[in-house]
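Participant: First the structure, which I've put down as structure tokens, then a few questions once you've had a look.
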Amino acid sequence: MSTVTLSIGPKSYTIACADGEEAHIRALGAMIAEKYAQLGAARAPLEAQNLLFAALFLADELAEAKKRTASPPAPAPTPEPDTAELDALRKTVARLEAELAAARKTPPAAPAATPQFDLFGTPAAPSPLAEDMAERLEALAARAEASAAALEAAAANA
């Protein structure tokens, strides 16, 4: 074990430390002495209060340093896009939009009717409930189309 004498303010303090740690302890003591000196004429009457204020200065610096290292790094600047690549992408988008428009104009193919079977594998007869529901859906679709046409006509006349 070694000892180091630190001069902080008007007093000297003898500190025990491990062999080889003397320079590090002296550097830490110098930091405390520097913060103590920052008190200037505003020193408190009790030495313990002055040491506490010096410790608070150091703790504040440590907290600020931790905030800076904890904040996420600034995002890297985005590189300028390659104009040739950008033009190629625009052409691809235009081609895909044209294909989509053409697909919307073409009515979808009707799905092939699949026969319905009951649990025993015999063809099931269409139920009256399903036929009634299909008729009601057809009627609802016709009313919706008529309403849409009326709204379009009203909008065109307005």
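Participant: Hey, can you tell me all the residues within segment 21-56 that are more than 45 Å from the chain's Cα centre (by Cα) and of a type in the set (Asp, Glu)?
Facilitator: Those that are more than 45 Å from the chain's Cα centre (by Cα) and of a type in the set (Asp, Glu): 22, 47.
Participant: Sticking with this one: List pairs: first in segment 19-36 and farther than 15 Å from residue 2 by Cα and assigned to a helix (DSSP H, G or I), second open to solvent by 60 Å² or more (accessible area, probe 1.4 Å) and of a type in the set (S, T, N, Q), Cβ under 9 Å, 6+ apart or cross-chain?
Facilitator: 29/5; 29/7; 33/7
Participant: A further question on this structure: Scanning for something modelled with pLDDT of 80 or more and open to solvent by 100 Å² or more (accessible area, probe 1.4 Å), does segment 114-128 turn up at least one residue? Steps first, answer last, please.
Facilitator: Filtering segment 114-128 down to residues modelled with pLDDT of 80 or more leaves none.
Scanning segment 114-128, I find no residue that is modelled with pLDDT of 80 or more and open to solvent by 100 Å² or more (accessible area, probe 1.4 Å), so the answer is no.
Participant: Answer yes or no: is there a residue in segment 68-85 that is in a helix (DSSP H, G or I) and surrounded by 10 or more Cβ atoms within 10 Å (Cβ to Cβ).
Facilitator: First pass over segment 68-85, keeping only residues in a helix (DSSP H, G or I): 68-70, 83-85.
If we keep only those that are surrounded by 10 or more Cβ atoms within 10 Å (Cβ to Cβ) too, we end up with none.
So far as segment 68-85 goes, no, none of its residues is in a helix (DSSP H, G or I) and surrounded by 10 or more Cβ atoms within 10 Å (Cβ to Cβ).
Participant: Of all residues in segment 37-62, count the ones that are in a helix (DSSP H, G or I) and either among the aliphatic types (A, V, I, L, M) or in contact with a Cys (Cβ under 9 Å, 6 or more places away or on another chain) (or both).
Facilitator: Quick first cut of segment 37-62, residues in a helix (DSSP H, G or I) only: 37-38, 40-42, 47-62.
Cutting the leftovers down to either among the aliphatic types (A, V, I, L, M) or in contact with a Cys (Cβ under 9 Å, 6 or more places away or on another chain) (or both) gives us 37, 41-42, 48, 51-52, 54-56, 58-59, 62.
Count: 12.
Participant: Further question: In the list 3, 14, which residue meets the criterion of being farther than 15 Å from residue 57 by Cα, open to solvent by 50 Å² or more (accessible area, probe 1.4 Å), in a strand (DSSP E or B) and touching a Cys at 6+ places or on another chain (Cβ under 8 Å)?
Facilitator: Working: 14 fails: touching a Cys at 6+ places or on another chain (Cβ under 8 Å).
The unique qualifying residue is 3.
The values are calculated or read from the model by the stated rules, or taken from the named source; none is laboratory data. As the structure is a prediction and not an experimental result, all values here were calculated from the model. Glycine gets a Cβ as well: all are built from the backbone with ideal geometry, and neighbour counts include every protein chain shown. These accessible areas exclude ligands, DNA and RNA; they are computed on the full protein's heavy atoms, side chains included. Shrake-Rupley method; radii C 1.70, N 1.55, O 1.52, S 1.80 Å.
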